[in-house]
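Inspection log for the structure reproduced underneath, given as structure tokens.
The values are calculated or read from the model by the stated rules, or taken from the named source; none is laboratory data. No experiment lies behind these values; they were computed from the predicted model shown. In this analysis, Cβ positions are derived from the backbone assuming ideal geometry, glycine residues included, and neighbour counts consider all displayed protein chains.
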Amino acid sequence: MPKKPVISAKHAEPSVKLSIRGVNRLQARHPWVYRSDIVEANDVPPGALVRVHDQRGKFLGTALYSSSSQIAIRMVSHGSVADLPALVAERIRDAIAYRTGNDLVRNTDAYRIVFSEADFLPGLIVDRYNDVLSLQILTQAMDAAPVREVIVQTLREEFQPAGIVQRVDARIRELEQLPARPSGLLWGDKSSTDVTMNGVRFHHDGLEGQKTGAFLDQRENYAAAAEYAHGEALDVFCYQGGFALHLAAKCSSVTGVDSSRPALEIAEKNAALNATLIAALNGGELEWIEANAFDLLRDYAAANRRYDTIVLDPPAFAKTKRDLEKALGGYKELNLRAMKMLRPGGILVTCCCSYHVSAADFLKVVADAAQDAHRTLRVVENRGAARDHPMLLNVPETSYLRCLILSAND
Ligand code: SAH
């Protein structure tokens, strides 16, 4: 379905010239160039496809332009691109083929289909929840009507979904100076469904909850955690029960803790969907506790509670670089408390989803906690996001989730 390019004839060849620093970024295989590195912009409307040059006029490739973001251009090709909607359709199909061709999404009907820059589609995220697809649009270029149309059309052809939902982050639309729009169905009539990951079932409501509704990036970590889990388990920051329900098959009891009552209500409903798993708890209990995790860990530690398996999956403490020190303090405190409650031979699954905390920072902070807790822990697995959330080697921003599985030696 050939579509017209988003750029109108009047702006047939919008172009930018980059400073040396901007050119160096592209040469380092990073797709972003900041506004301060654009030395000249000719006739570039918001969200346009632009031709990118160095200061001498040498052609470097094609990018998506944002008139408002500090990230002024996001490269989509080192060559010429005439038709953005056609490119988007092709890249969505490539993203699907990457996942199915490499067998990255077996054992699940919930996974990420398109992950923005990591699938060469800056500003587009698409998740599949069984027969409901959920998309997020984060840039001006992806929000242009012909691009939106081709996204919906391609997804319909590839998946025949019962519904396609758009989740809107009002703050991002404001930052991108896009008109406000509510979250809602873009196509079809279904926005909630059930999904199955690793044999565990979950409710999904496409218009509620965080992110696009679930933490799909943890899917493979759920299965890995369940491999080592045993005995009495505590899932701290359990949300809708992602880890807790995976642990149920292997543990004698599971306690999930979260400060969000609505999340725990869905966790309870999810438990009801998995009657056989819960029966496997051998008469042990599955319970949900609404509490502040820091307070609860302190109280439980003071009461000498002990566990065989503990999961820590807190929200991102470092939202910006400035928060880093304070965030590291928070991660250390949580890990220290959990390690003190772990029985010998116990398993600690500890996660961090702050991009600003590097994999090395996180290892260090967990190691510092072990030192203070006087525990020797072995790294059973050093993991990241599920493989359907790919990461680009030269784009550190695409790597944000750390998950260590540790066993307590003594
Ligand atoms: N492990 C979950 C995802 C956790 S997201 C999964 O795999 O699906 C982080 C969760 O931490 C959210 O559910 C949020 O409600 C909860 N949370 C945030 N601050 C908290 C606090 N101080 N105490 C307890 N829970 C908290």
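Okay, here's what the table says:
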| item | result |
| --- | --- |
| Flag if Ala233 is within 24 Å of Arg337 (Cβ to Cβ) and either in a helix (DSSP H, G or I) or within 12 Å of the ligand (Cβ to nearest atom) (or both) | no |
| Considering residues of region 236-262 that are within 13 Å of the ligand (Cβ to nearest atom), part of a loop (DSSP other than H, G, I, E, B) and over 19 Å from the mean Cα position of the chain (by Cα) only, the residue farthest from Lys190 (Cα to Cα) | Ser259 |
| Residues located in region 306-362, provided they are within 25 Å of Asp217 (Cα to Cα) and of a type in the set (Phe, Trp, Tyr) | Phe317, Tyr331, Tyr355, Phe362 |
| Filter pass, Tyr228 being under 21 Å from Leu401 (Cα atoms) and either aromatic (Phe, Trp, Tyr) or free of Cβ contacts under 8 Å to residues at least 12 places away in the same chain (or both) | yes |
| Test result for Ala214, modelled with pLDDT under 95 and either near the ligand (Cβ under 10 Å from one of its atoms) or under 17 Å from Val195 (Cβ atoms) (or both) | yes |
| Residue selected from region 295-307 under the condition surrounded by 15 or more Cβ atoms within 10 Å (Cβ to Cβ) and assigned to a helix (DSSP H, G or I), by the criterion farthest from the ligand (Cβ to nearest atom) | Ala301 |
| From the options Glu265, Glu220, residue that is under 18 Å from the mean Cα position of the chain (by Cα), over 27 Å from Ile172 (Cα atoms) and surrounded by fewer than 24 Cβ atoms within 10 Å (Cβ to Cβ) | Glu220 |
| Top-ranked residue of region 275-291 - restricted to ones that are over 20 Å from Thr196 (Cβ atoms) and under 29 Å from the mean Cα position of the chain (by Cα), ranked as nearest to the ligand (Cβ to nearest atom) | Ala291 |
| Which numbered condition Asp410 misses (of (1) in contact (Cβ under 8 Å) with a residue 60 or more places away in the chain; (2) of a type in the set (Asp, Glu); (3) within 30 Å of His30 (Cα to Cα)) | (3) |
| Failed item, numbered, when Asp323 is tested on (1) among the acidic types (Asp, Glu); (2) at pLDDT 95 or above; (3) within 16 Å of the ligand (Cβ to nearest atom) | (2) |
| Residues located in region 117-137, provided they are surrounded by fewer than 24 Cβ atoms within 10 Å (Cβ to Cβ) and either assigned to a helix (DSSP H, G or I) or more than 14 Å from the chain's Cα centre (by Cα) (or both) | Glu117, Ala118, Phe120, Pro122, Asn130, Asp131 |
| Residue in region 328-335 that is more than 16 Å from the ligand (Cβ to nearest atom) and at pLDDT 95 or above present | yes |
| Residue tally, condition touching a strand residue (DSSP E or B) at 6+ places or on another chain (Cβ under 7 Å) and not in a loop (DSSP other than H, G, I, E, B), over region 100-116 | 8 |
| Verdict on Ala272 being within 14 Å of the ligand (Cβ to nearest atom), within 20 Å of Cys251 (Cβ to Cβ) and either in contact with a Ser or Thr (Cβ under 7 Å, 6 or more places away or on another chain) or not in a loop (DSSP other than H, G, I, E, B) (or both) | no |
